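Shown next, in structure tokens, is the structure this report addresses.
The values are calculated or read from the model by the stated rules, or taken from the named source; none is laboratory data. Here the structure is a predicted model, which means the values were calculated and not measured. Every residue, glycine among them, receives a Cβ derived from its backbone with ideal geometry; neighbour counts consider all protein chains shown. Remember, those area values only see protein heavy atoms, side chains included, never the ligands or the DNA or RNA. Shrake-Rupley method; radii C 1.70, N 1.55, O 1.52, S 1.80 Å.
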Amino acid sequence: MTETRSVVAGVGSFLPERILTNAELSTMVDTSDEWIRERTGITERRVAAEGETTSDISVKAAKAALDAAGMTGADIDLIVLATTTPDYTFPATATQVQAQLGAGGAAFDLQAVCSGFVFALATADNFLVRGQAQNALVIGAETITRLIDWEDRGTCVLFGDGAGAVVLSAREVEEDGPGILRTYIRSDGQFRTLLQTDGGPSATGTVGHLRMQGNQVFRHAVNKIAEAIETVIERAGVTAADIDWFVPHQANQRILDSVANKLGIPPERVVTTVATHGNTSAASVPLAMDVAVKDGRIKPGDLVLVEALGGGFTWGAALIRV
Ligand code: COA
């Protein structure tokens, strides 16, 4: 028996050139390379150049994903772009990307902060499986450093810029064939003030800075992420032992280790890029996925688990057979 699934046809990513090291950050705020590495696992992150926008880096990641899929923009009839740092308040950055790629159909942005890519994947999957689009670009892209208060050592050491993209195609596949098997997304607004910006178009007429109660976020992250993972695994009828590659949101090495440990996923099955990317918010999962596809770890037929937690709180997970 066959069924319609969203199949990963290509993955791509792009990182801005400029590297910001822990050593350089130590000259800006009262911190140290040792503190940052011990508490987060981060050694460096990228920062978009002046004038380099979220749409610029999205287009580069999208073109790489299209190349990998053997497609052009003209083949795309849906773009879902997850970002917290759009070029402009409106129109959606996705429409800018759509125009530059020559894509058709519909294009819109999705806001779920660091969980944005998982939410976008779930959204595009529903459009494809319902037959409302044929080929979708799911993009996670951030110039999140634009929201950073560079005097706040509790946040400025954590974040970085980048973009990742996945092409999804609606295909008829066998039950044991490729495609998105399950997605699960959740939000709980009672935690919204633990991770937010202190500005926005309607509230203050400004963009605001990222504000976070890091230790509070940390306290909730592991349990919520584990809940999402356990749900997708159970609903897909697999076990943690079946997972070939775990590609988590890259927020903090200690969170990744705790989640993997709680679920019994061995460290050698975990794709980690947090050391060199930092937390790139909605871009982190597709960026990490691209690294593991390019270096040959993720191969056709593998079962890949992705997850994320972010402001809102929002959180979720997805299981994909590539
Ligand atoms: N360098 C040196 N000291 C720092 C620092 C830095 N960059 N940032 C904070 N500190 C200090 C604090 O001021 C505090 O000092 P005090 O005890 O004198 O008040 C001390 O370190 C402990 O702060 P705390 O916030 O409790 O540290 P922590 O162990 O929780 O580590 C984070 C801080 C941000 C690394 C950690 O909480 C974290 O990663 N949280 C999750 C964040 C996350 O994943 N967010 C994104 C979700 S999408």
- Which pairs, out of Lys60/Lys299; Lys60/Lys294; Lys224/Lys299; Lys60/Lys224, put more than 27 Å between their alpha-carbon atoms? Lys224/Lys299; Lys60/Lys224
- Task: Round to the nearest 10 and report in Å² the accessible area of Trp245, as given by a 1.4 Å probe over the protein chains' heavy atoms.
- Result: 20
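Can you tell me the accessible area per residue over the chain, all protein chains present, probe 1.4 angstrom, in square angstrom? Intermediate values should be presented prior to the final figure.
On the way: 13370 Å² over 322 residues.
Computed with neighbouring chains in place, this is 42 Å² per residue.
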- Query: Put Trp315, Trp35 in order of accessible area, largest first, 1.4 Å probe: what do you get?
  - Reply: Trp35, Trp315
- Message: Between Pro286, Pro91, Pro201, where does the largest GNM mean-square fluctuation fall for the chain, given springs only between Cα atoms within less than 10 Å?
- Response: Pro201
- Once both label points are put 7 Å beyond Cα along the C-beta direction, the Thr72-Phe90 separation in nm becomes 3.3
- Note on the structure: Restricting to Cα pairs under 8 Å and 6 or more apart, the percent relative contact order of the chain works out to 25
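Work out which helices of the chain, taken as complete DSSP H runs, extend at least 18 Å along their axis over the Cα atoms and score a mean Kyte-Doolittle of 0.0 or more, then list them. Can you show the working numbers first?
Working: long enough: 54-69 (22 Å, 0.39); 116-129 (19 Å, 1.55); 214-236 (33 Å, -0.09).
Going by DSSP H runs, the hits are 54-69, 116-129.
With all protein chains present, how much of the accessible area of region 30-153 (probe radius 1.4 Å) comes from carbon and sulfur, to the nearest whole percent?
Values: 2490 of 5280 Å².
Its accessible area is 47 percent carbon and sulfur atoms.
DSSP loop (so not H, G, I, E, B), at most 12 other Cβ within 10 Å: list which GluC sites (Glu not before Pro) in region 1-99 pass both filters. Walk me through the numbers on the way to the answer.
Numbers: sites: Glu3, Glu17, Glu24, Glu34, Glu38, Glu44, Glu50, Glu52; in loops: Glu17, Glu50, Glu52.
Of the GluC sites (Glu not before Pro), the ones in loops of region 1-99 whose Cβ has at most 12 other Cβ atoms within 10 Å are Glu17, Glu50.
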- The extension gain from Arg235 to His220, computed as 0.36 nm times the residue separation minus the Cα-Cα distance, is 3.1 nm
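Per residue of the chain, what 222 nm ellipticity follows from adding -39500 (n - 2.57) for every DSSP H run with n ≥ 4, rounded to the nearest 500?
On the way: 10 runs with 105 residues, N = 322.
Dividing the helical sum by the residues of the chain leaves -9500 deg cm²/dmol.
Give a quick list of trypsin sites (Lys or Arg not before Pro) in region 109-165 that DSSP marks as loop, anything other than H, G, I, E or B, with at most 14 other Cβ atoms within 10 Å.
Loop-located and lightly packed - Arg130.
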- Item | Distance between modelled label sites at Lys299 and Asp198, nm, 7 Å Cα→Cβ extension | 5.2
- Query: Build a GNM of the chain with springs between Cα atoms under 10 Å: which of Asp176, Asp302, Asp87 gets the top mean-square fluctuation?
  - Reply: Asp176
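For Trp35 and Gln132, compute 0.36 nm times the residue count separating them, minus their Cα-Cα distance, and round to one decimal in nm.
On the way: separation 97, 0.36 × 97 = 34.92 nm, distance 4.89 nm.
Length gained, Trp35 through Gln132: 30.0 nm.
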- GNM flexibility winner over the chain from Thr272, Thr231, Thr280 (Cα, springs under 10 Å): Thr231
- Message: Using a Förster radius of 25 Å, what is the FRET efficiency between Phe108 and Glu3 based on their Cβ-Cβ separation? Nearest 0.05, please.
- Response: 0.40
